[in-house]
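A quick write-up on the structure given underneath.
The values are calculated or read from the model by the stated rules, or taken from the named source; none is laboratory data. Given the structure is predicted, the values throughout are model-derived calculations rather than measurements. Glycine gets a Cβ as well: all are built from the backbone with ideal geometry, and neighbour counts include every protein chain shown.
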Amino acid sequence: MKGKVAAMTGIEEIQIKEYQLPKPDKGCLNIEVTKSNICGSDIHMWEGKHLFKNHVLGHEMVGKVIELGEGVETDYSGEKVNLGDRVVPVYYLTCQKCTACLNGHFNICTHGSDYQGQVAEKHPHFTGGFATHYVIQSNQYFYKVPDKVPDNVAAGANCGMSQMVYAIDQAGLKVNDTLVVQGAGGLGLFASAIADTMGANVIVIDSVAARLEEATKFGASHVIDMNSFPSIEERKEKILDITNGEGADFVLDAAGVPAAFNEAVRIAKLGGTVIELGNVSVDESQNIPIVPGLITRKCLTIKGILRYQPWYLYKTLKFLEKYSEKYPFDSLTDRTYSLNESQIAMRKAATKEVTRAIIEPNKKE
Ligand SMILES: [Zn+2]
Ligand SMILES: [Zn+2]
């Protein structure tokens, strides 16, 4: 059987390539991709701001099992898998041998991106989500999707959503704590919903009214519009107001600009925690002045979070199953494109003409 992939052949350049879908090797399985989200990091790659080149784009995907390799009987939670089952893979692999893996930090495995980043020409070709098929490797975590979770919600579960579940867990959020979320994009909304279910008070900061409106549907008890509170001091005051002078136990940066980290350090309360995951670039242009003494004097904890431990995808799918009716996760994707339209979809996503585009690689045109 032949299939197609959308490979990145240059900066802002995509080519659809056709390959023979290989028989799955021992321990591997082939899935037919039903939906694949366009994530912010896909846009970074397409724009050439990332190391990957000539790889198959897409990593937030969901698909149906079409072929099981020798020895594959269950998913990574021990549940039986059969042909036709919907599954989501963790998009990165864990080598279990690098220094990060040896210390249990599977989320930062130094070989985590090898498979996702390999060139399209290399076996087994189907290594990304913008493709009719995807080959799940023998050491790659994957889970069955609960019936109640629709494809477009499941597709995004393996990236931002799992990262938020992991981040909040790692940070140690507790009942009645106040979490301030900077940025009401997908990550911020997920964080808000998760913290809400844990009995925390959620305050979301953003500068776009429509996004703040959305945040209230995702569990935020208060929102702060940066246009009404233009300075850090004013926003900090507002947080003190809302919390009866208590302040923010946790500040989560999902805004992704260096200035947000500086603000997080300033608004976190004494003994508070700053969760940093919005800033991902390590370019020198991201250097900003910060007052380290604030971290000392306030005894702050700074938690950096990249990806998530692989089994958090399982927890996230269970979370989505439980809360699929409480929060409008379904509303977060707005336009669907075929595989041949990948280039158009990327352009529209990059220019923000669509907020959350989704590729349906097997869509009939
Ligand atoms: Zn992603
Ligand atoms: Zn490793």
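One residue alone among SER324, SER338, SER342 is of a type in the set (S, T, N, Q), surrounded by 13 or more Cβ atoms within 10 Å (Cβ to Cβ), within 25 Å of THR132 (Cβ to Cβ) and in contact with a Lys or Arg (Cβ under 8 Å, 6 or more places away or on another chain), and that residue is SER338.
The residues of segment 256-273 that are surrounded by fewer than 24 Cβ atoms within 10 Å (Cβ to Cβ) and under 24 Å from the mean Cα position of the chain (by Cα), listed by number, are GLY256, VAL257, PRO258, ALA259, ALA260, PHE261, ASN262, GLU263, VAL265, THR273. Counting the residues of segment 98-111 that are of a type outside the set (A, V, I, L, M, F, W, C), surrounded by 15 or more Cβ atoms within 10 Å (Cβ to Cβ) and near ligand 2 (Cβ under 7 Å from one of its atoms) gives 1.
Looking across ASN103, ASN176, ASN158, ASN152, one residue alone is polar (S, T, N, Q) and in contact with a Lys or Arg (Cβ under 8 Å, 6 or more places away or on another chain). It is ASN152. If the condition is being in contact with a Pro (Cβ under 7 Å, 6 or more places away or on another chain) and either closer than 19 Å to LYS148 by Cβ or of a type in the set (S, T, N, Q) (or both), then segment 319-353 contributes GLU321, ASP330.
Conditions tested, residue by residue: (1) buried (at least 24 other Cβ atoms within 10 Å of the Cβ); (2) assigned by TED's automatic domain parsing to the domain that holds ASP75; (3) closer than 21 Å to ASN362 by Cα.
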position	(1), (2), (3)
TYR115	no, yes, no
GLN118	no, yes, no
LYS122	no, yes, no
HIS125	yes, yes, yes
ALA131	yes, yes, yes
TYR134	yes, yes, yes
SER138	no, yes, no
ASP151	no, no, yes
ALA154	yes, no, yes
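State yes or no: is VAL62 of a type in the set (Val, Ile, Thr), under 13 Å from PHE142 (Cβ atoms), modelled with pLDDT of 95 or more and part of a loop (DSSP other than H, G, I, E, B)? When the stated conditions are applied, VAL62 does not pass them. Of the residues making up segment 70-103, those that are away from ligand 1 (no atom under 16 Å from the Cβ) and assigned to a loop (DSSP other than H, G, I, E, B) number 20.
In segment 104-112 there is no residue that is among the small types (Gly, Ala, Ser), assigned to a helix (DSSP H, G or I), within 16 Å of ligand 1 (Cβ to nearest atom) and in contact (Cβ under 8 Å) with a residue 12 or more places away in the chain. Being free of Cβ contacts under 8 Å to residues at least 60 places away in the same chain and either over 23 Å from the mean Cα position of the chain (by Cα) or loosely packed, with under 13 Cβ neighbours inside 10 Å (or both) is a description that applies to ILE11.
Of the residues making up segment 26-39, one or more are touching a residue at least 60 places away in the same chain (Cβ under 8 Å), surrounded by fewer than 17 Cβ atoms within 10 Å (Cβ to Cβ) and either at negative phi or of a type in the set (Lys, Arg) (or both). Restricted to segment 286-363, the set of helices (runs of 4 or more DSSP H) holding at least 3 residues that are touching a helix residue (DSSP H, G or I) at 6+ places or on another chain (Cβ under 7 Å) and of a type outside the set (Ser, Thr, Tyr) comprises 312-323, 342-350. Among strands (runs of 3 or more DSSP E) entirely within segment 138-236, having at least 1 residues that are of a type in the set (Phe, Trp, Tyr) singles out 142-144.
The number of residues in segment 113-136 being assigned to a loop (DSSP other than H, G, I, E, B), closer than 20 Å to LEU51 by Cα and either within 16 Å of ligand 1 (Cβ to nearest atom) or polar (S, T, N, Q) (or both) comes to 6.
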